[in-house]
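The structure appears right after this line, and notes come after that.
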Amino acid sequence: MSKSYLESTPDENGFFGKFGGSFIPPVLEQPFADITQAYKELKDSPEFIKELKYVRKHYQGRPTPISFAKNLTELCGGAKIYLKREDLNHTGAHKLNHCMAEVILAKHLGKTKVIAETGAGQHGVALATAAAYFGLECEIHMGEVDIAKEHPNVVRMKILGANVIPATHGLKTLKEAVDSAFDSYVPQADKAIYCIGSVVGPHPFPMMVRDFQSVVGHEAKEQFFEHENNLPDAVVACVGGGSNAMGIFAGFIDDKEVELHGVEPMGRGEKLGEHAATLTYGEEGVMHGFNSIMLKDENGEPAPVYSIGSGIDYPSVGPEHAYLQSIGRTTVGLCNDEEAVDAFYKLSQLEGIIPALESAHAVGYAMKLAKTLGKDKTILINLSGRGDKDIDFVVDNYPIPNAKF
Ligand SMILES: *Cc1c(COP(=O)(O)O)cnc(C)c1O
């Protein structure tokens, strides 16, 4: 029997086709080789699997359910819309799926500290939570602009015992937070591990984070059968780095009849700097230690990016997404700020679920897609997180619609 997609991709060196790999300074080669080795040992170890299963079930709240969005489906008048409820994870997003596992790996390597970047603060909160649970020190780098915008998450990280370090250069958002975290990690690599927040970065992170997130897709496949006794016709997820999307795609990737849609943020418009639609407008390039598709400025440097969703405004994208797009396995969709805010309020007022602004991009796109499909079709959205972190920002900038739709 031929190997499944997940078993055979990426290759030994972390390449998904020509994308991925590891482009790192020599001082980091050994630490990354150690991480790769530790992951190889752990992933098939019964104790590791048992520990991860235990924390997922008894601490994180897995499995998360799938909900039928009846009223949203009626509003759109087409395909039936279902939601995989990653918003119900402890800490409010899918991020804890890989953070708990990364911290177990850190412990296995004898590290005493975890370091990471964060955009909206979700990864920072999730990692600070995992570090608190397992008793490790935690250092989180965050752009100054995001610190101002995502105040509640900054406070949460501090309460959880993390040290929050502002990234003060450039646009002061996610890309700069990654730069800052890398710089801080290099001299501390003997006692610390860099816990990347998505399916990005040098090998083995894109593979490892995907594998840790694949629990979402494997659960979803089984649960969707309970609802429909069938596979979904389309699976939709927002793509920043691409971890929640790869997590849910992983459950369906060998089922060729299931369309996989990754949704990128179109922000305020098509002009460079006004969006973060990397797969749509980008070109091949190396950034943050891996080869993928990236948005470049006129000098070939990472371009400024923007989205209302702080967790998805990144000028590169996970290499596996670049690969899957290149072989035609995935479809790349778009959702702009306005459509995301509309979806944010519609899901809140019609379904009683306040989504994260990032997840609202998947919902906004799925609403457009549903309208083009017949009532016999089904769409499964990965609702990557809840919107509590975004409520002040949204109501201050976009008035609450009080008319019923
Ligand atoms: C971080 C985050 C994202 C973006 O990260 P991916 O790696 O692209 O999944 C999306 N949704 C939520 C709620 C997040 O916190």
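I'm trying to understand the selection: among the residues of segment 366-405, which are over 17 Å from the mean Cα position of the chain (by Cα) and within 16 Å of the ligand (Cβ to nearest atom)? Step through it out loud before you land on a result.
Quick first cut of segment 366-405, residues over 17 Å from the mean Cα position of the chain (by Cα) only: 366-379, 388, 391-405.
Matches in segment 366-405: Ala366, Asp388, Ile391, Phe393, Val394.
Does Val239 satisfy being within 15 Å of the ligand (Cβ to nearest atom) and β-branched (Val, Ile, Thr)?
Details: within 15 Å of the ligand (Cβ to nearest atom): yes; β-branched (Val, Ile, Thr): yes.
So Val239 passes the test.
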Name the residues in segment 196-230 that are within 18 Å of Ser316 (Cβ to Cβ) and in a loop (DSSP other than H, G, I, E, B), would you?
Ile196, Gly197, Ser198, Val199, Val200, Gly201, Pro202, His203, Pro204
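Taking segment 346-385 only, how many residues are assigned to a loop (DSSP other than H, G, I, E, B) and under 24 Å from Met246 (Cβ atoms)? Please lay out each step first, then the result.
First pass over segment 346-385, keeping only residues assigned to a loop (DSSP other than H, G, I, E, B): 352-354, 356, 373-377, 384.
So of that shortlist, the ones also under 24 Å from Met246 (Cβ atoms) come out as 353, 356, 373, 377, 384.
Qualifying residue count, segment 346-385: 5.
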Candidates Pro232, Pro265, filtered to the one that is more than 16 Å from the ligand (Cβ to nearest atom), crowded, with 24+ Cβ neighbours inside 10 Å and under 30 Å from Lys70 (Cβ atoms)
Pro232
Checking Gly197 against (1) at pLDDT 95 or above; (2) buried (at least 21 other Cβ atoms within 10 Å of the Cβ): exactly one of these is not met. Which one?
(1)
Val114: passes all of (1) in a strand (DSSP E or B); (2) within 16 Å of the ligand (Cβ to nearest atom); (3) within 24 Å of His151 (Cα to Cα) but (2)
Is there any pair linking a residue in segment 32-58 that is part of a helix (DSSP H, G or I) to one that is charged (D, E, K, R) and crowded, with 16+ Cβ neighbours inside 10 Å, with Cβ under 6 Å and at least six apart or on different chains, and which?
Arg56/Arg62
Could you identify the single residue in Lys221, Lys191 that is farther than 20 Å from Gly92 by Cβ and either in contact (Cβ under 8 Å) with a residue 60 or more places away in the chain or among the aromatic types (Phe, Trp, Tyr) (or both)?
Lys191
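Taking His90, is it assigned to a loop (DSSP other than H, G, I, E, B), within 16 Å of the ligand (Cβ to nearest atom) and without any contact (Cβ under 8 Å) to a residue 40 or more places away in the chain? Even if it seems obvious, please write down each step before you answer.
On the way: assigned to a loop (DSSP other than H, G, I, E, B): yes; within 16 Å of the ligand (Cβ to nearest atom): yes; without any contact (Cβ under 8 Å) to a residue 40 or more places away in the chain: yes.
So His90 passes the test.
Any residue at all in segment 163-170 that's modelled with pLDDT under 95 and surrounded by fewer than 17 Cβ atoms within 10 Å (Cβ to Cβ)? Let's see the steps before the verdict.
To start, the set of residues in segment 163-170 that are modelled with pLDDT under 95 comprises 169-170.
Of the ones still in play, those that are also surrounded by fewer than 17 Cβ atoms within 10 Å (Cβ to Cβ) are 169-170.
Scanning segment 163-170, I find at least one residue that is modelled with pLDDT under 95 and surrounded by fewer than 17 Cβ atoms within 10 Å (Cβ to Cβ), so the answer is yes.
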Only one of Val209, Val145, Val216 is more than 19 Å from the chain's Cα centre (by Cα) and β-branched (Val, Ile, Thr); which?
Val145
Conditions (1) surrounded by 19 or more Cβ atoms within 10 Å (Cβ to Cβ); (2) more than 16 Å from the chain's Cα centre (by Cα); number of the one not met by Thr112:
(1)
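Does segment 334-369 hold any residues that are over 23 Å from Gly269 (Cα atoms) and either buried (at least 24 other Cβ atoms within 10 Å of the Cβ) or free of Cβ contacts under 8 Å to residues at least 12 places away in the same chain (or both), and which are they? Steps first, please.
Filtering segment 334-369 for residues over 23 Å from Gly269 (Cα atoms) gives 347-354.
Passing the criteria: Leu347, Gly352.
Residue under question is Asn89, and the condition is that it be touching a Leu at 6+ places or on another chain (Cβ under 7 Å), under 20 Å from Phe249 (Cβ atoms) and not hydroxyl-bearing (Ser, Thr, Tyr); does it hold? Spell out the reasoning first.
Numbers: touching a Leu at 6+ places or on another chain (Cβ under 7 Å): yes; under 20 Å from Phe249 (Cβ atoms): yes; not hydroxyl-bearing (Ser, Thr, Tyr): yes.
Judged against the criteria, Asn89 is a match.
The values are calculated or read from the model by the stated rules, or taken from the named source; none is laboratory data. Please read all numbers here as calculations on a predicted model, not as lab measurements. So basically every Cβ, Gly included, is an ideal-geometry build from the backbone, and we count neighbours across all protein chains shown.
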